[in-house]
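Working notes for the structure below.
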Amino acid sequence: MENSLSTRRNQFSVFKQPGFTIIALACFIVLYMPIVVLVVYSFNSGTSPAKWDGFSLQWYAAAWNNSAVKTATLISIIVACQASLYATILATMAAMGTTRTRPYRGQNVIYALVNQPLMVPEIVTAVALLICFAVIKELTDYRGLAYLVLSHTAFCIPFAYLPIRARLEGMDRTLELAAADLYANSWQSFRRVTLPQLWPGILAGAMLAFVISLDDVVITEFVKAPGQDTLPTYMLGQLRRAITPEINAISTALLLISAILALFVFLLGRKHGN
Amino acid sequence: MSDSVSVAIHGVSKVFGHDRNAVTALDDVSLDIREGEFFTLLGPSGCGKTTLLRLIAGFEHPTRGHIDLHGEEISHLPPYRRPVNTVFQSYALFPHMTVAENIGFGLEMQGKSKEETTSTVGEMLRLVQMEDLADRRTDQISGGQQQRVALARALAPRPRVLLLDEPLSALDYKLRKGMQIELKRLQNETGITFIFVTHDQEEALTMSDRLAVMSQGKVLQVGAPREIYAHPAVRFVADFIGDTNFLDAELLEIERDRTELKLPSGKPVSARGAARSVDGKVHIAVRPEQTTLTRDADAAHLEGHIDNVVYSGTDTHYHITLPGGESFVVRTQNRGDSGDEWQAGQTAGIVIEPGAVQILAD
């Protein structure tokens, strides 16, 4: 009796370790302080991103009226919408192919191949795409947005694939057997039984892909043609000149969009208990 | 019930895995299931009964042999081309559809018109007494109600055969008893062939027209419940269904349809059927309730020492050790006037009722 009491008292708790509170606080400060500073200075009325001159929304107005920012935003959204759509469709197909088949040889290899963009250094992919697309440009003389869409689609696939696959693996397989038993062929069974339950996974995957595409600098910087700046590459370009809080304002807006999408993914996941 | 065959299983084997990892789930099984009968596959878990059901449904394909439905081979068809429906152990109701949508799913997939689907769904809802819950979601109804929806959903397309995979195992005792009667009623009303899988021998005996007892991928015996209980062919069947005493006996004389045996006590006894034996010895089974205790040494077939008397309400069980060391159980029904006539420690004679001795093939 005494023994069991004393073990309960000595149970390991990470909260009670010396320095826990300080380390945790320090981590949060290091993680979020820069973002807080960025957001705060986006409201600066002066021209310096480091010296506070008073509150103003002038940099938001400036960004809003900057036609280069508008163009870059539009391209970002066009590319992100298309890339996340294509990546999600392909990822859904890949997820079906890796969870709804009899186990086959090389299944793990395919899993690794689908997730390749997570493992290959982004700069390597960027250089490879640059060289590859240069050849195609030479041959076809096409210089449009498709190159960006294509490369964004490629690196978005694993981000869409993972939540969709997780959802498929968590689903009750007997439901699909029941559909087949009730005269539904493979396509009907997918459309009427699998897909309605897969939606949360697909939406989560699509939003993740959208944010990842919206965020990308390295591959975009290498692949884009002149005049195809996305918001991140435009901002990178601006940093080489004089920095004004306009960049802070754009960053804050981008942060807000990403945060809203992330919140959406989280809520979807929680609502469906997965 | 007619005598025409509904499902014919011809020499079906099913092997999972390859080479050294191969597991034989079914080993050369042949069965004829008649049209309109309530047929049960009974056996312990892992005996292959569910695999056989999945082969009939089309979720698996046989490694060897073939399955015919009304004379036509179906073993190569996908599940959605077989006029066979399944009630799953977990019910497998579609969570994103209402009760009525679940029941109508099969009809819709068959391409039935809206009007026909609606009227059949209504009919099915009445059949399982669920009219009030048609628009509920399936997670808003109780386990027993889900069971009814699963049944209605599988019956709605009017299958030739209904497969039921341990559908009552998730229900509590009272609900299970109710559903047993309900299932029999549905089978009578629809006239559809039911193939029912269970590991519960009592359930199998009460519900089936005929049953097949399975073990380790083989069918050991097929017959009506009474036949299986009274005349188990092999030791496993005798042991799995009900309680049984096993004894060794010697062959005295074999006639056309009866066999004279000598019990370990030296007393003679006769059994139905002609026995086959190489060395003149056979194994026999005797049901405990077909034996009684006596003080009359001449009438007794066996004699033994009472170790234990267990009172269980309707019955009393006497655990007896025979002189050869074998244990033997005698079960007698308690009546108003029966007192505690026999006590542990006494020596008692055992009378075996005529026809109670069953010769086992193994």
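The values are calculated or read from the model by the stated rules, or taken from the named source; none is laboratory data. Keep in mind it's a predicted model, so treat the numbers as computed, not measured. Here the Cβ positions follow ideal geometry from the backbone for every residue, glycine too, while neighbour counts run over all protein chains shown. The protein model used for the area step is the full one, side chains on, heavy atoms only, and it has no ligands, DNA or RNA in it. Shrake-Rupley method; radii C 1.70, N 1.55, O 1.52, S 1.80 Å.
Using unit Cβ charges (K, R positive; D, E negative) and no other charged atoms, how large, in debye to the nearest 20, is the dipole of the stretch B:225-362 about its Cα centre?
Details: 13 positive and 22 negative charges, 62 e Å.
It comes to approximately 300 debye.
Counting only heavy atoms of protein chains, what accessible area per residue, in Å², does the stretch A:67-273 have with a probe of 1.4 Å? Don't skip to the answer; put the middle values down first.
Working: 10480 Å² over 207 residues.
Accessible surface, normalised per residue, equals 51 Å².
Residues with beta-carbon under 12 Å from that of B:Ala361, excluding B:Ala361: net charge, scoring Lys, Arg +1 and Asp, Glu -1?
On the way: positive: B:Arg235, B:Arg276; negative: B:Asp362.
With Lys, Arg at +1 and Asp, Glu at -1, the net is +1.
Kyte-Doolittle mean at least 1.0 and Cα extent at least 24 Å along the axis: which DSSP H helices of chain A qualify? Walk me through the numbers before you get to the answer.
Working: long enough: A:20-41 (31 Å, 2.69); A:67-99 (47 Å, 1.30); A:122-140 (26 Å, 1.89); A:146-170 (35 Å, 0.81); A:195-215 (29 Å, 1.41); A:245-271 (39 Å, 1.55).
The answer, listed by residue number, is A:20-41, A:67-99, A:122-140, A:195-215, A:245-271.
Not counting the cut sites, what is the longest span of chain A without chymotrypsin sites (Phe, Trp or Tyr not before Pro) that DSSP labels loop and that have at most 16 other Cβ atoms within 10 Å? Display every interim value, and only then the final one.
Working: sites that count: A:Phe12, A:Trp52, A:Tyr104, A:Tyr142.
Counting at most 16 other Cβ atoms within 10 Å as exposed, the longest clean stretch of chain A is A:143-274.
Are there trypsin sites (Lys or Arg not before Pro) in the stretch B:200-277 that DSSP marks as loop and that have at most 10 other Cβ atoms within 10 Å, and which are they? Don't skip to the answer; put the middle values down first.
On the way: sites: B:Arg210, B:Lys218, B:Arg226, B:Arg235, B:Arg256, B:Arg258, B:Lys262, B:Arg272, B:Arg276; in loops: B:Arg256, B:Arg276.
Sites meeting the loop and neighbour criteria: B:Arg256.
Taking the Cα atoms of the stretch B:5-236, report the difference between the largest and smallest coordinate on each principal axis, in whole Å and largest first.
49, 37, 33
Please give me the summed charge of the neighbours of B:Arg272: other residues whose Cβ is under 9 Å from its Cβ, Lys and Arg +1, Asp and Glu -1.
Details: positive: B:Arg258; negative: B:Asp257.
My count for the surroundings of B:Arg272 gives 0.
Taking the Cα centre of chain A as origin, sum charge times position over the Cβ atoms of Lys and Arg (+1) and Asp and Glu (-1), and report the length of that vector in debye to the nearest 20. If you can, show how the numbers build up before the last one.
Numbers: 20 positive and 14 negative charges, 114 e Å.
Dipole size: approximately 540 debye.
In Å², what does the accessible area per residue of chain B work out to with a 1.4 Å probe?
On the way: 17220 Å² over 362 residues.
Heavy-atom SASA per residue in chain B reads 48 Å².
What residue among A:Arg100, A:Arg165, A:Arg191 shows peak mean-square fluctuation when chain A is described by a Gaussian network model with Cα springs under 10 Å?
Sorting by GNM fluctuation, first place goes to A:Arg191.
I'd like the distance between the alpha-carbon centres of the stretch A:99-155 and the stretch B:12-60, rounded to an integer number of Å.
Computed from Cα coordinates, the inter-centre distance equals 46 Å.
Report, in degrees rounded to the nearest 10, the 0 to 90 angle that the Cα long axis of helix B:114-127 makes with the longest principal axis of chain B.
It is inclined by approximately 30 degrees.
Give A:Lys70/A:Lys224; B:Lys14/B:Lys218; B:Lys218/B:Lys262; B:Lys14/B:Lys49 a once-over and call out the pairs whose C-alpha atoms are over 21 Å from each other.
Working: A:Lys70/A:Lys224 17 Å; B:Lys14/B:Lys218 11 Å; B:Lys218/B:Lys262 32 Å; B:Lys14/B:Lys49 12 Å.
Beyond 21 Å between Cα atoms: B:Lys218/B:Lys262.
Calculate the FRET efficiency for B:Ser169 and A:Gln107 from the Cβ-Cβ distance with a Förster distance of 45 Å, rounded to the nearest 0.05.
Values: r = 33 Å, r/R0 = 0.74.
Working from the Cβ atoms, E equals 0.85.
How far is helix B:99-109 tilted, in degrees, relative to the longest principal axis of the Cα atoms in chain B, given as a value from 0 to 90 rounded to the nearest 10?
80
How would you classify the stretch A:1-104 from its alpha-carbon gyration tensor, with a ≥ b ≥ c the square roots of the eigenvalues: rounded for a/c under 1.5, else prolate if a/b is greater than b/c, otherwise oblate?
On the way: a/c = 5.84, a/b = 1.23, b/c = 4.76.
The shape class here is oblate.
Could you list the square roots of 5 times each eigenvalue of the Cα gyration tensor of the stretch B:179-246, that is, the equivalent ellipsoid semi-axes, sorted largest first and rounded to whole Å?
Working: eigenvalues 114, 30, 20 Å².
Gyration-tensor ellipsoid for the stretch B:179-246: 24, 12, 10 Å.
Build a GNM of chain A with springs between Cα atoms under 10 Å: which of A:Ala87, A:Ala154, A:Ala209 gets the top mean-square fluctuation?
Evaluated over chain A, the most mobile residue of the options is A:Ala154.
Determine the distance separating the Cα centre of the stretch B:119-139 from the Cα centre of the stretch A:27-41; give it in Å without decimals.
Distance between centres, Cα-based: 58 Å.
Rounded to the nearest 100 Å², what's the accessible area chains B and A bury against each other, both chains counted, probe 1.4 Å?
Between B and A, the summed buried area is about 1900 Å².
Using a 10 angstrom cutoff on alpha carbons, build the Gaussian network for chain A and name the most mobile of A:Val36, A:Val79, A:Val14.
Top of the fluctuation ranking is A:Val14.
What aspartates and glutamates sit close enough to B:Lys267 to cross-link, taking a C-alpha to C-alpha distance under 15 Å and skipping anything fewer than 8 places away on the same chain?
B:Asp248, B:Glu250, B:Glu253, B:Asp296, B:Asp298, B:Glu303, B:Glu353
Which value in deg cm²/dmol, rounded to the nearest 500, describes the helix-derived mean residue ellipticity at 222 nm for chain B, given -39,500 (n - 2.57) per DSSP H run of n ≥ 4 and division by the residue count?
Numbers: 8 runs with 84 residues, N = 362.
Using -39500 (n - 2.57) per qualifying helix, the result is -7000 deg cm²/dmol.
In the protein assembly as shown, what % of DSSP beta bridges are antiparallel (nearest 5)?
Values: 60 of 78 bridges.
Taking every DSSP beta bridge with both residues in the protein assembly as shown, the antiparallel ones total about 75 percent.
Add -39500 (n - 2.57) for each DSSP H run of 4 or more in chain A, then divide by its residues: what number comes out at 222 nm, to the nearest 500 deg cm²/dmol?
On the way: 14 runs with 203 residues, N = 274.
Rounded to the nearest 500, it is -24000 deg cm²/dmol.
Is the stretch A:67-273 best put as rounded, prolate or oblate by its Cα gyration tensor, with a ≥ b ≥ c the root eigenvalues, rounded for a/c under 1.5, and otherwise prolate when a/b is larger than b/c, oblate when not? List each step's numbers first, then the result.
Details: a/c = 2.59, a/b = 1.70, b/c = 1.52.
Prolate, because a/c is 1.5 or more and a/b exceeds b/c.
Which GluC sites (Glu not before Pro) from the stretch B:77-146 combine a DSSP loop assignment with at most 16 other Cβ atoms within 10 Å?
Loop-located and lightly packed - none at all.
Can you tell me the relative contact order of chain B? Whole percent, Cα pairs under 8 Å, sequence separation 6 or more. The partial results should precede the final answer.
Working: 756 pairs, mean separation 54.5, N = 362.
The normalised contact order for chain B reaches 15 percent.
Antiparallel versus total DSSP beta bridges in the stretch B:5-236: what percent is that, nearest 5?
Details: 21 of 39 bridges.
Bridges in the stretch B:5-236 are about 55 percent antiparallel.
Residue by residue through the stretch A:222-230, what is 3J(HN,Hα) from phi via Karplus (6.51 cos²θ - 1.76 cosθ + 1.60, θ = phi - 60°)? Round to whole Hz and write x for glycine and proline.
Result, ordered by residue: 7, 8, 4, 8, x, x, 10, 5, 8 Hz.
Give me the percent of the accessible area of the protein assembly as shown that comes from carbon and sulfur atoms, probe 1.4 Å, all protein chains in place.
Numbers: 19150 of 33280 Å².
Percent of accessible area from carbon and sulfur atoms in the protein assembly as shown: 58.
Do any residues of the stretch A:142-182 lose at least 30 Å² of accessible area when the full set of protein chains is present rather than just their chain alone, and if so which, with a 1.4 Å probe?
Those are A:Thr174, A:Leu175, A:Leu177, A:Ala178, A:Ala180, A:Asp181, A:Leu182, which lose 30 Å² or more relative to the chain on its own.
Once the other residues with Cβ under 9 Å from the Cβ of B:Glu250 are scored (Lys, Arg +1; Asp, Glu -1), what is the net sum?
+1
Considering only C-alpha atoms, what is the centroid distance from the stretch A:161-180 to the stretch B:257-277, in Å?
59
Which of the three applies to the stretch B:104-165, rounded, prolate or oblate, going by the alpha-carbon gyration tensor with a ≥ b ≥ c and a/c under 1.5 meaning rounded? List each step's numbers first, then the result.
On the way: a/c = 1.91, a/b = 1.26, b/c = 1.52.
Oblate shape, in that a/c is at least 1.5 and b/c is the bigger or equal ratio.
Between A:Ala68 and A:Cys132, take the C-beta separation as r, use R0 = 30 Å, and let me know the FRET efficiency to the nearest 0.05.
Working: r = 29 Å, r/R0 = 0.95.
Efficiency computed from Cβ-Cβ geometry: 0.55.
Need one number for the protein assembly as shown: average projected area of the convex hull over its C-alpha atoms, nm². Mind showing how you got there, number by number?
Values: hull surface 191.4 nm².
That works out to 47.9 nm², a quarter of the Cα hull's surface.
Which angle from 0 to 90°, rounded to the nearest 10, does the C-alpha axis of helix B:173-190 make with the longest principal axis of chain B?
Between helix and principal axis, roughly 70 degrees.
Excluding residues on the same chain fewer than 8 positions from A:Lys51, give the aspartates and glutamates whose Cα lies under 15 Å from its Cα.
Within the straight-line limit of under 15 Å, A:Lys51 reaches these aspartates and glutamates: A:Glu246.
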